[in-house]
Amino acid sequence: MIQVKDIKSIQIVPYTIMMSSISAVLSLIYAIFFIIILSIGAVSSAGANASFIVTLIIALLLLFPTAGFLLSIVQSFLTALIYNILVPKIGAIKLGFEDLKEIKNVPVVPFAFMISAISGIIVFIIMLIIGPILVLGLQAAALSASAAGTAIPGLPNFGGMGLIVLSILVIGVPIGMFILTFISSAIMTIFYNFLAPKIGGIQFNFGNAIGKFHEIESIPVVSFALITAIVITLFSFLIQVISLIISIAVGAAIIPELISLVTSIVVSLIFGFVIYAITAALYNYLQPRIGGIKLEIE
């Protein structure tokens, strides 16, 4: 029997620690993958500098996990914080559980609206920081060029347009992100609801509840990776079909475009399954050591 449950809140610290830890390990895997590609290219290049390659490899091994960890701390913290703030105002994400284990369906509008609201607010915060810096930088470039007597195309009159550009960055970009995220989240949720009864949905193994909070003790790897990879691949397929139609309409060759479409879909499915399987496996490994994600479920 399916019971629709509200995710009323997320404990911020456990969520942030878990997500940033997983991100750090995934970033390390990406770094290793990038290093392998780099090494293959270096071997094929006769003029490759061995000491430079070694230094670059060490730098990548340090940079990727550190950057992934730090960026994920900020993103995860803000995501959980904003979610908890928004729930009383716009409603919680609802999940259709079977025996509080398998997610059989997800009500589309509450999920898409919450995800898009969080994305829009995070982008708004980013634009509040980046927007003024970018506008001031462009204004400074325009003034410097004007003082030196060399005009930069599009910049001589930028000073008067700075407020308009800043408004677009701080208001227009977050609104655009909200709309795009809502549409994409809604489509992927519809795909999930169609597929979950047929191939199985995402499953969570919850521990004993402490009050209203349930800790996710483990995530079955195959079911999580399979449906997540298929849903994302279907969404990617939809976007690429639209792109294919546009490309053919403007005169692109059909056969190369179809080959590219099929190749990208296959790669997306395989790569997505591997990444999400690693993600679930990492969660299962880390949960006994650092604690799992805790959700308030009603």
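The values are calculated or read from the model by the stated rules, or taken from the named source; none is laboratory data. Everything quoted here is computed from the prediction, not taken from an experiment. Reconstructed Cβ throughout: ideal geometry from the backbone, glycine too, with neighbour counts over all protein chains shown. Surface areas here come from the heavy atoms of the whole protein model, side chains and all, with no ligands, DNA or RNA. Shrake-Rupley method; radii C 1.70, N 1.55, O 1.52, S 1.80 Å.
Of I82, I125, all but one fail to be touching a residue at least 40 places away in the same chain (Cβ under 8 Å), β-branched (V, I, T) and open to solvent by less than 50 Å² (accessible area, probe 1.4 Å); the exception is I82.
Of all the residues in region 222-255, those that are open to solvent by less than 80 Å² (accessible area, probe 1.4 Å) and either among the acidic types (D, E) or on the phi < 0 side of the Ramachandran plot (or both) number 23. Applying a threshold of 8 Å to beta carbon distances and a minimum spacing of six or more residues, or different chains, the list of pairs starting in region 58-71 at a residue that is closer than 13 Å to L26 by Cα and in contact (Cβ under 8 Å) with a residue 24 or more places away in the chain and ending at one that is open to solvent by 50 Å² or more (accessible area, probe 1.4 Å) and of a type in the set (D, E) is empty. So how many residues does region 59-79 have that are of a type outside the set (F, W, Y), open to solvent by 30 Å² or more (accessible area, probe 1.4 Å) and touching a Leu at 6+ places or on another chain (Cβ under 9 Å)? The qualifying residues number 1.
Of I171, I183, I164, I187, which residue is open to solvent by 70 Å² or more (accessible area, probe 1.4 Å), modelled with pLDDT of 95 or more, β-branched (V, I, T) and not in a loop (DSSP other than H, G, I, E, B)?
Details: I171 fails: modelled with pLDDT of 95 or more; I164 fails: modelled with pLDDT of 95 or more; I187 fails: open to solvent by 70 Å² or more (accessible area, probe 1.4 Å).
The unique qualifying residue is I183.
Report yes if some residue within region 81-98 is of a type outside the set (A, V, I, L, M), at pLDDT below 95 and farther than 26 Å from Q203 by Cα; otherwise report no. No, region 81-98 has no match at all.
When region 33-55 is limited to residues that are part of a helix (DSSP H, G or I) and open to solvent by less than 60 Å² (accessible area, probe 1.4 Å), the one that is modelled with the lowest pLDDT turns out to be A42.
Of the residues S268, S260, only one is surrounded by fewer than 16 Cβ atoms within 10 Å (Cβ to Cβ), on the phi < 0 side of the Ramachandran plot, of a type outside the set (F, W, Y) and in a helix (DSSP H, G or I); which? After applying the criteria, what remains is S260.
When region 199-213 is examined, which residues are found to be over 19 Å from T279 (Cβ atoms) and either open to solvent by less than 30 Å² (accessible area, probe 1.4 Å) or at pLDDT 95 or above (or both)? Spell out how you get there, then give the answer.
Quick first cut of region 199-213, residues over 19 Å from T279 (Cβ atoms) only: 207-213.
Within region 199-213, G207 is the sole residue that qualifies.
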